[in-house]
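*Asks:* So that we are looking at the same thing, I have put the structure below in structure tokens.
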Amino acid sequence: MNFKNIPLVSVFMITYNHENFICQALEGILMQQVNFEYEIVLGEDCSTDNTRRLILEYAQKYPNKFKLILHDKNVGAMANEEMVMNSCIGKYIAMCEGDDYWTDPMKLQKQVDFLEMNEEYAGCAHQSIVINDKNDRSHLFRSNVKEVITTIDLINHRLFHTASFFFRKKIIEDMCFYNVVNSSDRLIFFLVSFSGPIHYSFEPMCVYRKNENGMSSVITIEELEKDFKMIPWLVNVNHKFPKYKYKSFLHKVTIDYAHDVTLKKLIYHLSMHFFYSFSSFPKNLRQMPSIVRIFIRKIKIIFTQ
């Protein structure tokens, strides 16, 4: 890869067994209409399908766009992400995983223009369309999102999808955090928000594809519990981080999304969620109906296995 100038934007992409999706993901990046240089930093984690062959075909066709990281053996998502992120050299980083794709050819230009003109903002994101591969149904990722997002807004749930996120690379330089968590993208969102607000655009410019190969479809409770390690790490970076409120959220998410939760784990995490939720009393009482629904759903799953 030979650039006349250092790329302004590095597009961060990881992929594994995305044979059916990777071409659309790459086309969404390559169609971008921009007035600056950008690179595609792509980590391919030794897929067992034709993902690598397809990537190599694109890299051969567009040799000045790609920086490939091709692993000889499967290293896992976190190690792959770390190597890709460390290889990004742009002033800005745009994120897009191999099973998602961008739909607006002006996406990168719009996000660059905004951050170049608004130095007080640390990053920006936008609305996404969610498509379920099982039934082809689609919906917006999130409604009622504020235009200016701060750290406290990110505590309870994801306001935007990873494929929409764009931020200043200097914020995460020299931070070794990939051995800390399972959800590194969520941790990156927090780190960026520590440096300044995140601007949100209501315009949908990407697609989040929910498919059976996605990480969220097969995640275990052991993997989700790793995210508790991020709390002391975040507090060390920002002493004002609302750790108890975030602990409450993580306990809820752990049993809600894990496909292998046991009765013992269910009771433990729900109890801890309830205990830490009083850090936001009386607002925490509004969550009780959703907690009851999660409990009933998980109990049914446990006793029918």
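The values are calculated or read from the model by the stated rules, or taken from the named source; none is laboratory data. Computed from a predicted model, the values in this text were never measured in an experiment. Please note: Cβ atoms are built from the backbone with ideal geometry, for glycine as well, and neighbour counts cover all protein chains shown.
*Asks:* Tally the residues that are assigned to a loop (DSSP other than H, G, I, E, B) and touching a strand residue (DSSP E or B) at 6+ places or on another chain (Cβ under 9 Å), restricting the search to segment 19-54. Write out each step before concluding.
*Replies:* First pass over segment 19-54, keeping only residues assigned to a loop (DSSP other than H, G, I, E, B): 19-21, 31-37, 45-50.
Subsequent filtering for residues that are touching a strand residue (DSSP E or B) at 6+ places or on another chain (Cβ under 9 Å) retains 21, 31-32, 34, 36-37, 45-47.
Total meeting the criteria: 9.
*Asks:* Which one of ILE93, ILE89, ILE69 is among the aliphatic types (A, V, I, L, M), under 16 Å from THR15 (Cβ atoms) and either in contact with a strand residue (DSSP E or B) (Cβ under 9 Å, 6 or more places away or on another chain) or in a loop (DSSP other than H, G, I, E, B) (or both)?
*Replies:* ILE69
*Asks:* If I filter segment 137-180 down to residues being in a loop (DSSP other than H, G, I, E, B) and in contact with an Asp or Glu (Cβ under 7 Å, 6 or more places away or on another chain), which single residue comes out as farthest from ASP227 (Cα to Cα)?
*Replies:* From segment 137-180, those in a loop (DSSP other than H, G, I, E, B) are 137, 141-147, 150, 155-161, 165, 172-180; that's our starting set.
Remaining after also requiring in contact with an Asp or Glu (Cβ under 7 Å, 6 or more places away or on another chain): 146, 159, 178.
Values: LYS146: 26, LEU159: 18, TYR178: 11 Å.
That would be LYS146.
*Asks:* Check ILE149, ILE172, ILE129, ILE93 and return the single one that is at pLDDT below 95 and under 17 Å from the mean Cα position of the chain (by Cα).
*Replies:* Numbers: ILE149 fails: at pLDDT below 95; ILE129 fails: at pLDDT below 95; ILE93 fails: at pLDDT below 95.
Sole residue among the options that is at pLDDT below 95 and under 17 Å from the mean Cα position of the chain (by Cα): ILE172.
*Asks:* Let me ask something else. Is there a residue being in contact with a Lys or Arg (Cβ under 8 Å, 6 or more places away or on another chain) and charged (D, E, K, R) anywhere in segment 36-43? Step through it out loud before you land on a result.
*Replies:* Applying the first criterion (in contact with a Lys or Arg (Cβ under 8 Å, 6 or more places away or on another chain)) to segment 36-43 yields 37-42.
Keeping just the survivors that are charged (D, E, K, R) gives 37, 39.
Within segment 36-43, one or more residues are in contact with a Lys or Arg (Cβ under 8 Å, 6 or more places away or on another chain) and charged (D, E, K, R).
*Asks:* Residues to consider are GLU120, GLU81, GLU116; find the one that is more than 21 Å from the chain's Cα centre (by Cα) and outside any loop (DSSP other than H, G, I, E, B).
*Replies:* The conditions single out GLU116.
*Asks:* Starting from segment 142-157, keep only residues that are over 19 Å from GLU119 (Cβ atoms), then list their pairs with residues that are loosely packed, with under 13 Cβ neighbours inside 10 Å and among the aromatic types (Phe, Trp, Tyr) whose Cβ atoms are within a distance under 9 Å, requiring at least 6 positions of separation or different chains.
*Replies:* VAL145/PHE202
*Asks:* Checking the structure you have, find out if any residue of segment 82-89 is in contact with a Leu (Cβ under 9 Å, 6 or more places away or on another chain) and closer than 29 Å to ASP174 by Cα.
*Replies:* To start, the set of residues in segment 82-89 that are in contact with a Leu (Cβ under 9 Å, 6 or more places away or on another chain) comprises 84.
Keeping just the survivors that are closer than 29 Å to ASP174 by Cα gives 84.
Checking segment 82-89: at least one residue is in contact with a Leu (Cβ under 9 Å, 6 or more places away or on another chain) and closer than 29 Å to ASP174 by Cα.
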